[in-house]
Amino acid sequence: MDDSTKIKILKERITSSQDLLDLVMNILHNSGIESHKEYSDGNDKHLIYKQKSFEEDNYYVFCILKLGDVGGITRFEEKNRTQYILNEINSVELNGFSFNGRKLVTANKIIIITNGLITENFKNEIDKIHENVIYWDVNILCSKLNEKWPDYFNDKEPVIHEYMSNLSKHLENVSKELQILYYNKTTKTIWETFIDLQLEETKVKNNTKPFKHPENVVKSEKLQIQSTQIIDFKKLIKNRFKTKDIFDQKINCLIFGDMGSGKSTIFKKMILDLIKEYIARDDVNENCRIPILVLAKSFKFNFSLYNTIEMEMKFLSNNRILNLNKLLLEGEIIIFIDGLDEISEEQVSDYLEEINRFTSTYEKTQVIISSRPSVTINKSEIFSEYRRFEILPLDFQQIEELLEKWYPTAFELKEKLLNVLRKTFLSSAIPKTPLAITLLAIIFDENEKIEEIPANITELYNKFTEIFLGKWDKENGMSSQDKFGIRTHLINHIALTLHFKNLLEITENDLFEILTVYKNSKRYDEIEIEQLECDLMKRNPLLIKTDNSYKFIHKSFQEYFASKGIEQTNQFIKNHENFLVENFLNEWWSNVILFYVGNKNDCPLFIK
């Protein structure tokens, strides 16, 4: 690409003073300069940044940010323009700035910048009065972009390109949670664990547009959506459809699935398909929508969906500047909100109002939400026009595909487990979900003598924790006996504490406080808190540390251990069965109750 083409691209992209300012800030960022701040002075934008040298701190101010050429054709226009810029320079020099807590920092160099050309006459006029002036015209800008940001000219939106690349790397890497479960395998990317799933569309409104098939695939067929429409995700991914063919109608969607059904994994797959399409497009000017993944549980009480999206984009684009508002207004973004069911009952109305406010403001932006089945969400008027999909249970072919990924070389072991599954596939109460089958594969991997699969979900989790944690201890050179005889009791207590407080993760300080209260209540005077924490984390990998917080590797494990902890003496609940009865219709506690009942051989009074 020659210089004239680059100058043309640069001028086309800079249509406002803010665009020009954003470009300069990105150049600074790519130069390793983090200390910079934007100022407004009337209608003009100023930018001051600090560049530290060995001798002193150097402060540079972009005091003039203008579009077009600086210095006109006629002398009269040139004098007016020159005088105006001189006034701006004087204002900067006289007033200074408050920068990084230091008051009245004055610039030792001033830079005049434009996306046009700066005439020599103009430079001569300014240089007569000021010595420390630097000029950046369109040629200098192109030169700096070639040096500091070479990808700028190769993409329609270079910030988006960087964001998409980083998001792809982030999603393709297997999460820490899966690394725990697959710790004796070589699994590294999502493609090594992903299996195709089936979605069923339900409760479609009469005014919903028919599902569109690509014309090159279905020519004579005319498919009308009825009350229930099966969408084979396996076929969609392989050839018949691309992910975008489901969602290109830009209708907001809800995806429901039980615990461990693969909601988060489906989101990752959809997003990665959109990214692949973006990267593989032939024309860099072709419009491709940008996926943004938001975890609902990361919201706060006073959350703003816009601010959350902005934070996610900045994090994955190294804090580069992006006109997010424009992209949202033009519908160039798809928002994926994962795990709306993980919001507590007390907060859900505020969250739904915020989603409604956001979608009303940005009507062209598509929003896709995942959740466990929820009466509150399902009946909310906010979602009355959303398309609704349910993830179907795995069929036997899908289960076989998943086990092939678990046992890539152990063919005999895989066939043994498949034979056991064939005998009890219909009679077993174990959910046919990717997580449940994975837990079953782990159990069978360690105990080939199993003749039948666990009878229900609670029995599956009981067997899994017994075998998995025992193996973990053995492979890490630890005795299978609890060091203090309290490890199991403590993990149950932590799970119950989290669940009672409507939390899915806690900070290190909060965990320390929980351990302190627990230690004092049990009068374990001889045990240090640090020792207790260290032993807990080493011997129960199902509770993991991410950054500065702790959480269970999956929400279902928190619910499972909480169902055990609720029977233990605790400071929250005096009569646990009364508490569970009172919260029977509270969706936050539904799976805790499920696990609780599953652990009981006989509980007719509670059920009654």
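All of the numbers you see were taken from the coordinates with simple rules; none came from a lab. If you're wondering where the values come from, they're calculated on a predicted model, not measured in any experiment. Cβ sites come from the backbone with ideal geometry, for glycine too, and all protein chains shown count toward neighbours.
Computed from backbone phi, the HN-Hα couplings of segment 141-150 come to 4, 4, 5, 5, 5, 4, 7, 9, 8, x Hz, rounded to whole numbers (Karplus: 6.51 cos²θ - 1.76 cosθ + 1.60, θ = phi - 60°; Gly and Pro given as x). Two decimals is fine: what is log10 I(q)/I(0) at q = 0.15, 0.25 Å⁻¹ for segment 299-399, from a Debye sum with one equal scatterer on every Cα and no solvent? Each listed q maps to, in turn, -0.71, -1.49.
The label-point distance for THR376 and PHE315, in a model that sets each label 7 Å from Cα toward Cβ, rounds to 2.3 nm.
The convex hull around the C-alpha trace of segment 506-608, projected and averaged over every direction, spans 7.7 square nanometres. Once the C-beta distance of ASN419 and CYS603 is scaled by a Förster radius of 45 Å, the resulting FRET efficiency is 0.85 to the nearest 0.05.
If the chain linking ILE140 and ASN124 were pulled fully straight, counting 0.36 nm for each residue of separation and taking away their Cα-Cα distance, it would gain 3.9 nm. Over 26 Å apart at the Cα level, from the set LYS268/LYS545; LYS250/LYS545; LYS11/LYS123; LYS11/LYS144, are LYS250/LYS545. Under 5 Å from the amide H of GLN198 lie the amide H atoms of PHE233, LEU392, each residue being 5 or more positions distant or on a separate chain, with H modelled from the backbone and absent for Pro and chain starts. Which FRET efficiency, nearest 0.05, do SER4 and THR361 yield, Cβ-Cβ r, R0 41 Å? Approximately 0.50, to the nearest 0.05. Across segment 6-16, computed HN-Hα scalar couplings (Karplus, 6.51 cos²θ - 1.76 cosθ + 1.60, θ = phi - 60°) run 5, 5, 5, 4, 4, 5, 5, 7, 9, 10, 8 Hz from first to last residue, x flagging Gly and Pro. Modelled this way, with points 7 Å down the Cα-to-C-beta line, the labels at GLU513 and ASN108 are 4.8 nm from one another.
Apply the a/c threshold of 1.5 to the C-alpha gyration tensor of segment 312-364 and tell me whether it is rounded, prolate or oblate. It is oblate, given that a/c is not under 1.5 and a/b is not larger than b/c. Take the Cα of ILE529, step 7 Å toward its Cβ, do the same at GLN347, and the gap between the two points is 2.4 nm. The slack in the chain from SER521 to LYS501, taken as 0.36 nm per residue of separation less the alpha-carbon distance, amounts to 5.3 nm.
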